[in-house]
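Engineer: Sharing a structure below in structure tokens format, with a few things to ask.
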Amino acid sequence: GSSGVIEITTKGRNYPFADGNSQRVNVEYNGYLALSSKAKQVSVMNREQYLAADGVDLGSDTDWQDLVSRRALTHTNHMSISGGNENTSYRLSGTIRRAEGILLQSGFEQINGRAGITHRALDQRLELKLNLASANRKSDFSFAEGFRYATVSNPTSPVKFDNGNYYQPILFDNFNPLAILELNTNEGQSKILSINSQAAFDVTNHIQLSAIFGQEFNEESTGEFYPDNSFFRGLNRGGLARRSFSDADFRYIETRGSYTNTISDKITLVAVASYSFQEFFREEITMELGNLPSNELGYYAIDLSSDRIIGGPGNILINSYATPDERIVGFFGQLSVNFNQKFFIDASLRREGSTRLGTNSKWGLFPALSIGMDITDFWKTDLFSQLTGRLGYGRTGTLPDQPGLSYDRYEYSYSNGGSVGLVQIANPDL
């Protein structure tokens, strides 16, 4: 509300060729290994303590917490290439990271790539930047329940029978922790592509114009599979498969004009006017079906489910949704005055609107004012090289945490042949 600003910069500002005097190509490699292990275990009974407490002896001595965990290895390789001349500079980099989780069957493999180029023209008055970034991540999510059941399982339980099948107790809320991790599948993949371009032009020594365009694409998919011999899930469904897919797009545009001038060598004046536009869209579909013909294909056999023949909404789960094209538009003006580096005045006004708000309240006006003073000259002390006091007041706003809350909302029911009902009345004043 009182015009705070956060700036995030990348390694581009620290390129070795940023001074325009270097034309060499710089190649850099970094790599590291990391080993992780659990710091301590939950204190539970061992075999002897359990039997002394009249526990049932199933003939084994099993440390379940040790069995479902491991020492996890992470290794990362990063390489970058950069270079340039007095007008153009570039940097390319790539990272490969493979990380194991402490819990069995958990971890991820990720590949990142980045490319950036900066070009200056018109006697260094025009600066153009283009940055690209991508990430591809494959994850094994495993099951947190593996740790949970490892702390409550019978320490005399065997892990497997002599024939190699898992020992799985027929008890309420009690499962073989290792069977949960090794029989079932819980994995996913995400892809991100980000594009950012910037242009800045010094019209005069006092006036600068700039523009930013950014766009990001996100794709995510997950897959779960529980075979028909999994007591944890899947046994009563003849095997169970779940799949989900989602896409999200984000677009950002900002234009900005600024005026800076120093008057009488003591007063510095900065005026800024800006326009910003954001747009976001997301869609997702999730499906769950059981009674699969085989365990060999995992969740890839979801289309062969016998639930499609048996029917019934209780057996087939399909959810899908899409957001509208959500937008946030803002107009911003700010005036800053600095008197001899001792007194500061900042005033700003922002008008902003969002599609998430009701038809009667889509736009808001947000003013802010702050004053500050460097009091170092009035309070001589060796404790501070500079001490500034500042008082600010501002008005800001917030947005609903999900789209569609200002509109009528309907839900569909499968009962009695299907019906549509109103479950939320529109709120145009939201």
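Here, each number is a calculation from the coordinates, and none is a lab measurement. Keep in mind that this is a model prediction, so the values were computed, not measured. Positions of Cβ are backbone-derived with ideal geometry, glycine not excepted, and every protein chain shown enters the neighbour counts.
Engineer: Can you give me the Cα centroid spacing of the stretch 40-72 and the stretch 77-103 in angstrom?
Structural biologist: After rounding, the separation between the Cα centres reads 46 Å.
Engineer: What is the Cα coordinate range of the chain on the first, second and third principal axes, sorted by size from largest, in whole angstrom?
Structural biologist: 91, 58, 48 Å, listed from the longest principal axis down.
Engineer: In sequence order, what are the phi-derived ³J(HN,Hα) couplings for the stretch 232-239 according to the Karplus relation 6.51 cos²θ - 1.76 cosθ + 1.60 with θ = phi - 60°, rounded to whole Hz, with x for glycine and proline?
Structural biologist: 5, 8, x, 4, 7, 10, x, x
Engineer: Now a separate question. Show which lysines lie in cross-link reach of Lys191 when reach means a straight Cα distance below 19 angstrom and same-chain residues fewer than eight apart are skipped.
Structural biologist: Hits, sequence-local ones excluded: Lys138.
Engineer: What is the set of long-range amide H partners of Gln424 at a cut-off below 5 Å, with H atoms built 1.01 Å from backbone N?
Structural biologist: Sorted by chain and number, the residues that satisfy this are Arg409.
Engineer: Further question: If one computes P(r) from the Cα atoms of the stretch 84-227, what percent of pairs lie at distances over 28 Å? Write out the running numbers ahead of the final one.
Structural biologist: Details: 5145 of 10296 pairs.
Counting every Cα pair in the stretch 84-227, those more than 28 Å apart make up 50 percent.
Engineer: Here is a follow-up. Taking only DSSP H segments of four or more residues, each worth -39500 (n - 2.57), what value at 222 nm results for the chain once the sum is divided by all its residues, to the nearest 500 deg cm²/dmol?
Structural biologist: -1500 deg cm²/dmol
Engineer: If the label point is 7 Å along Cα→Cβ of Ser361, which residues in the stretch 375-414 have backbone nitrogen under 16 Å from it?
Structural biologist: Inside the label zone: 396-408.
Engineer: Give me the dipole magnitude in Debye, nearest 20, for the stretch 196-350 about the Cα centre, with unit charges on the beta carbon: positive for Lys and Arg, negative for Asp and Glu.
Structural biologist: Details: 12 positive and 20 negative charges, 117 e Å.
Value, rounded to 20: 560 debye.
Engineer: Let me ask something else about it. Treating the beta-carbon of each Lys and Arg as +1 and of each Asp and Glu as -1, no other charges, what is the dipole magnitude of the stretch 256-333 about its Cα centre, to the nearest 20 debye?
Structural biologist: 520 debye
Engineer: Would you kindly derive the ³J(HN,Hα) couplings of the stretch 263-279 from the backbone phi angles with the Karplus curve 6.51 cos²θ - 1.76 cosθ + 1.60 (θ = phi - 60°), listing them in order in whole Hz, with x for Gly and Pro?
Structural biologist: 10, 6, 6, 10, 10, 9, 10, 10, 10, 10, 10, 8, 10, 9, 9, 10, 9
Engineer: Excluding same-chain residues fewer than 8 positions from Lys380, which lysines have a Cα within less than 25 Å of its Cα?
Structural biologist: Excluding near neighbours in sequence, the set is Lys266, Lys342.
Engineer: Using Cα-only point scatterers and the Debye equation, what is log10 of I(q)/I(0) for the stretch 240-394 at each q in 0.10 Å⁻¹, rounded to two decimals?
Structural biologist: -0.66
Engineer: Hey, another quick one. List the trypsin sites (Lys or Arg not before Pro) within the stretch 43-105 that fall in a DSSP loop (any state other than H, G, I, E or B) and whose Cβ has at most 15 other Cβ atoms within 10 Å.
Structural biologist: Arg71
Engineer: Starting from the amide H of Ile267, placed 1.01 Å from N in the peptide plane, find each other amide H under 5 Å away whose residue is 5 or more places distant or on another chain.
Structural biologist: Placed amide hydrogens put Asn340 under 5 Å from Ile267.
Engineer: If each of Tyr410 and Phe339 carries a label point 7 Å out from its Cα toward its Cβ, how far apart are those two points in nm?
Structural biologist: 6.3 nm
Engineer: I've got another one for you. Output ³J(HN,Hα) for the stretch 40-55: one whole-Hz value per residue in order, computed from phi by the Karplus curve 6.51 cos²θ - 1.76 cosθ + 1.60 with θ = phi - 60°, and x for Gly and Pro.
Structural biologist: Along the stretch 40-55, the couplings run 7, 10, 5, 6, 10, 5, 8, 4, 5, 5, 5, 5, 5, 8, 6, x Hz.
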